[in-house]
Amino acid sequence: MLTEASSTESAGSAGESHAAELERLNEEIRRVAARATRLLEVTTALSEAQSVEDVTEVVLTQGLAVVEASRGVLVLLEGDHLRLLGTRGVSPALEAQITLLGLDAEVPVVHAIRKGSMISIESAEEFRAKYVSTYENFGELADMQTYLSMPLIHAGETVGAISFHFKEAAAVGASDRTFTLLIAQAAATALHRARTYDAELDKRRHAELLAQAREDVLGVVAHDLRNPLNLIQMTAELMIDEELPLQKRREMLDIAIRAAKQMNRLIDDLLDTVRLQAGRLFLDVEEVSVQAIMKQAEETYRPLAQRRHLHFETAPLDGAMVRADPARVSQIVGNLIGNAIKFSREDGSVKLCAKSEEKQVVFQVVDDGPGIPPDSMSHLFDNFWQARKNDRRGVGLGLAIVKELVEAHGGKIWVESQVDHGSTFSFSLPSTDGSAESVTRASAQQ
């Protein structure tokens, strides 16, 4: 009887164990089925995502939730450079480090791109051991138990990589890896399509900007060139009169010459604006003496200042050299000095000076004129904008062009002004002992 009871108890225990195992399997099946449904939602969302930003949002929210990861990193491969698209569960300091990653970086997400297949790390200790050379900068990453990093490959082309990190090692089984790979495949396709969409969108926006620029130019041509043209026509008609006194004839001729010069200036500004909008303005960069820039400005603008009864002076910076296009620097300086002379009161002063700062030279045009109202400061460098709406001495392109030219050289421009106390326009150019990389890059982009 004892043996029979033991046998019955053993059979009952085995039955309970079998039932528990079946329940565990059923639970796993339900879990996988639920995740499969959510995976379908993710892949559907990725198929509908239009921009790279949309794809990033889907992958790092819905995708991260499906695989039940604690952290995610998504990068895009652009030629031989990486662009961080987004992260989840990463501190701002670490995200800033990730944005600096190159293709030679020894971290899982980049390693997956170079290897062309999944990188699987099963513990924090393994992470530290495999990536010891960069652990000092990316030590925060080694706080998880499992790491899966996959290249995003579409039609044989690697478009980026994704990395998911998991707190629990036991949470990542065969089904988890399968779901992760499926998300990576869908993300690769979506990124490839979205990148093309974004490029086409940029082209359309660029085309729209060019079209708007052409419309603006045509409007200016129709309106602002008409005034000097009418002056030339009027003076020419008056000069036909053979009885016109010589002195009056000379006055008419001076008016016609000034009108023609104004037309040339307007046309040059319009052409530069169109070239800048189209990205077709090139810089012929060389080493230029700051003293030569100052000397040319003084020779050109001192007579104009004297006619306006203004005191004009320069403060040269002996021995300093900048990397710049001499003709374009002359245009920048000339526009700023011309504006200062044009808007300064008689008996005022205009000064051009320069000073050396780290890897750059800062030029300043200082006047004691009426100053610029605070509500006008933010519009100074806008196309076709003028503080004085009834001023027809220009079309509001000069400062916009100056800003573009300064930035094309790798510099920056800014203004300080106080009403009734004058203005100071400052711009920087890279000095020859600084890095020329920014100038070269800016020139190439133009």
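Some values worked out for this structure:
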item: Thr196/Glu346 FRET efficiency (R0 56 Å; Cβ-Cβ; nearest 0.05); result: 0.40
item: Net charge contributed by nearby residues that have their C-beta within less than 10 Å of Leu64 (K/R +1, D/E -1); result: +1
item: Evaluated at q = 0.22 Å⁻¹: base-10 log I(q)/I(0), Debye formula over Cα of the range 49-135; result: -1.36
item: Accessible surface of the range 93-167, 1.4 Å probe, proportion on carbon and sulfur as whole %; result: 51 percent
item: Accessible-area ranking of Ser431, Ser47, largest first, probe 1.4 Å; result: Ser47, Ser431
item: Peptides 140-148, 68-76, 247-255 ordered by average Cβ neighbours within 10 Å, highest first; result: 68-76, 140-148, 247-255
item: Surface share of carbon and sulfur [accessible, 1.4 angstrom probe, percent] for the range 261-367; result: 46 percent
item: Interchain or long-range residues, amide H under 5 Å from Leu152's placed H; result: Val159, Gly160, Ala161, Ile162
item: In Å², nearest 10: area of Ser423 left accessible to a 1.4 Å probe; result: 10 Å²
item: For the range 240-312, fraction of C-alpha pairs farther apart than 17 Å, in %; result: 72 percent
item: Scattering profile of the range 296-374 at q = 0.20, 0.23 Å⁻¹ [log10 I(q)/I(0), Debye over alpha-carbon scatterers]; result: -0.90, -1.10
item: Environment charge at Lys130 (Cβ cut-off 14 Å; Lys +1, Arg +1, Asp -1, Glu -1); result: -1
item: FRET efficiency, 1/(1 + (r/R0)^6) with R0 22 Å, evaluated for Asp80 and Val132 via beta carbons; result: 0.30
item: Lysines whose Cα lies under 27 Å from that of Lys248, excluding same-chain neighbours fewer than 8 positions away; result: Lys261, Lys342
item: Average accessible surface area per residue within the range 44-135, 1.4 Å rolling probe, Å²; result: 46 Å²
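The values are calculated or read from the model by the stated rules, or taken from the named source; none is laboratory data. Bear in mind the structure is a predicted one, so any value in this text is a computation, not a measurement. Neighbour counts are summed over all protein chains in view; Cβ atoms, including those assigned to glycine, are modelled from backbone coordinates with ideal geometry. Note: areas computed on protein heavy atoms with side chains; ligands, DNA, RNA excluded. Shrake-Rupley method; radii C 1.70, N 1.55, O 1.52, S 1.80 Å.
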